[in-house]
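One structure is given below, encoded as structure tokens.
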Amino acid sequence: MAQVEAATERVVAADAEKVFDALADYTGTRARLLPEQFSEYEVREGGDGEGTLVHWKLQATSKRVRDCLLEVSEPTDGELVEKDRNSSMVTTWRVTPAGEGKSRVVVTTTWNGAGGIGGFFERTFAPKGLARIYDAVLAELAAEVEK
């Protein structure tokens, strides 16, 4: 099994603290940022960054739905890590200053891919598809914090 990685980033016109707070607000802002590929969103514990336990289903393709139960941690300033209890998937959000009144948001998801020919297709196509999904999340995030 090879590690698969999908990453995308965006610069938003808001300071890093405001952007990070919006991403860490699982009970409010985060649910509004999610595109149609996410369903059954539910905060089960916490709701603000570290210590949050959140559930959703992610429909990455017409045939592939992941049932995600994510534990949220904040290992360093400006970083949220979502570890899925149901798989090897880990999504890391990093928010850093990018000039006056701007922030760079980088989202990276990694997981252990399948082997064989299925794994080849997963490594080839899944990162692009997931990056498109997270591009949509980042666009909604920008719209939210740039108000």
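The values are calculated or read from the model by the stated rules, or taken from the named source; none is laboratory data. In this text the structure is predicted, and so the values were computed from the model without any measurement. Cβ coordinates were reconstructed from backbone atoms using ideal geometry, including for glycine residues, and neighbour counts include every protein chain displayed. In case anyone asks, the SASA skips ligands and DNA or RNA and just uses the protein heavy atoms, side chains included. Shrake-Rupley method; radii C 1.70, N 1.55, O 1.52, S 1.80 Å.
Here are a few things to note about the model shown:
- Breaking point among (1) more than 21 Å from D25 (Cβ to Cβ); (2) open to solvent by 70 Å² or more (accessible area, probe 1.4 Å), for E71: (1)
- So V105, is it under 18 Å from Y134 (Cα atoms) and under 15 Å from the mean Cα position of the chain (by Cα): yes
- Filtered residue count, the stretch 1-34, keeping only those that are of a type outside the set (S, T, Y) and in a strand (DSSP E or B): 10
- Residues being open to solvent by less than 20 Å² (accessible area, probe 1.4 Å), under 14 Å from the mean Cα position of the chain (by Cα) and over 15 Å from V12 (Cβ atoms) are entirely absent from the stretch 134-144.
- Matching residues, the stretch 12-51, being more than 14 Å from the chain's Cα centre (by Cα) and among the β-branched types (V, I, T): V12, T27, V43
- Filtered residues of the stretch 29-51 (kept if loosely packed, with under 12 Cβ neighbours inside 10 Å and either under 21 Å from L138 (Cβ atoms) or modelled with pLDDT under 95 (or both)): E36, S39
- Cβ pairs under 6 Å, 6+ apart, first in the stretch 35-53 and assigned to a loop (DSSP other than H, G, I, E, B), second open to solvent by 30 Å² or more (accessible area, probe 1.4 Å): P35/A136; Q37/Q59; G47/T27; G49/E74; E50/S73; E50/E74; T52/G46
- Test: residue in the stretch 135-142 that is of a type in the set (A, V, I, L, M), closer than 26 Å to D25 by Cα and modelled with pLDDT under 95: no
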